[in-house]
Amino acid sequence: MKFIVPFRKVRWLALIFILPALLMRSADSFHPPSFREIAVTVDDLPGVKTGGDEAADAVRVSRKIVRVLKKHGIPAVGFVNAARAFPDDADAARRILKIWTDAGMELGNHTAEHSSLHQVSVEEFKTDIREGLRLLKEKMDSKAQPVRYFRHPCLHTGRTLEIRGEIDGLLGGLGLTVAPVTFDNGEWIYAAAYHKAIMAKDRKAKSMIADSYLDYMEQKLVYFENQSLKLLGREMPQIMLIHANKLNADHLDDLLGMLEQRGYGFVSLATVLKDDAFELPDTYTGRGGISCLHRWAWSRGVDPKSFFAGEPEVPSEILKLAGVESE
């Protein structure tokens, strides 16, 4: 496995991005921390839909992912679409969630049906939240940790501040805290391409996709490290979003190894959310499901052409293999 941006070069990349700010701040404040922190979150449990709805595959995926998470000592949170079921095995979802909770992982509400707040009515979305929490509690082991986090599907939080406020009020009443994302990425596109390569029994394509995925994820992480420097003058702890799919079942160990090489230690979502950055205003109401770092930047009224420039994109070859026109 090759890493595109060696750790020793990150300081210089960061300084290039933030050079104008050096006139106002001490250069010492921009050195990467000796110990970086990241929380790992995994969406779309009990398993990403692939068209076949094979319960056995979803069980294997969760077992492999959880085994790797435990190997690295990671207190991950898995976000559940609680209405997701497997026609060939009615009890599979319950067993999959138990794999996670038996390993000490938390589960969070990702709605029952994975509906987008930008595509359904506010009342429909509220119903999906409530039903997601009800079904999740029903399917979880009674000894599992209580549900305390919610993640918006597609990271869509509402097209108006009034809608967002209404949803936030419901979540607060249910005792749920929104789980944002700092390290957003196109991993789901790679996963779609990888699944198609598996179905085609194309080993060469599988290997190429996996190598490209690991390179892309490091490039993307460097980008968000630099976005944090540009916006906050420091590297904040990260929250990574990935999904429960075959790509991560096979290559999560390599991905986590890259994070460790970059100096990251794995911490809980609760630990990351204590960072002062999460008190920053978020007034973004656009169509995109974007990183909270970018939400905060929009809220500050930055020049998007300069601030958002240079974000790594999924290569066209991967988009084509995944059947996706653009990222």
Inter-residue pairs, beta-carbon under 7 Å, first assigned to a loop (DSSP other than H, G, I, E, B) and in region 97-120, second at pLDDT below 95, 6+ apart: H118/R287
Test: A82 is within 24 Å of K49 (Cβ to Cβ), surrounded by fewer than 18 Cβ atoms within 10 Å (Cβ to Cβ) and among the hydrophobic types (A, V, I, L, M, F, W, C): no
Complete set of residues in region 264-296 that are in contact with a helix residue (DSSP H, G or I) (Cβ under 7 Å, 6 or more places away or on another chain) and exposed (fewer than 15 other Cβ atoms within 10 Å of the Cβ): P281, T283
Flag if V302 is at pLDDT below 95, farther than 27 Å from V48 by Cβ, among the aliphatic types (A, V, I, L, M) and surrounded by 15 or more Cβ atoms within 10 Å (Cβ to Cβ): yes
Pairs where the first residue, in region 143-171, is without any contact (Cβ under 8 Å) to a residue 12 or more places away in the chain and the second is outside any loop (DSSP other than H, G, I, E, B) and surrounded by 15 or more Cβ atoms within 10 Å (Cβ to Cβ), C-beta under 8 Å, 6+ apart: D168/V178
Selection count where residues are among the hydrophobic types (A, V, I, L, M, F, W, C), in a helix (DSSP H, G or I) and closer than 19 Å to A192 by Cα, scope region 214-265: 6
Listing of helices (runs of 4 or more DSSP H) fully contained in region 266-321 that carry 1 or more residues being without any contact (Cβ under 8 Å) to a residue 12 or more places away in the chain and among the hydrophobic types (A, V, I, L, M, F, W, C): 269-272
Count - residues of region 178-213 that are of a type outside the set (A, V, I, L, M, F, W, C) and in a loop (DSSP other than H, G, I, E, B): 7
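The values are calculated or read from the model by the stated rules, or taken from the named source; none is laboratory data. Bear in mind the structure is a predicted one, so any value in this text is a computation, not a measurement. Methodologically, a virtual Cβ is constructed for each residue, glycine included, from the backbone with ideal geometry; neighbour enumeration extends over all protein chains shown.
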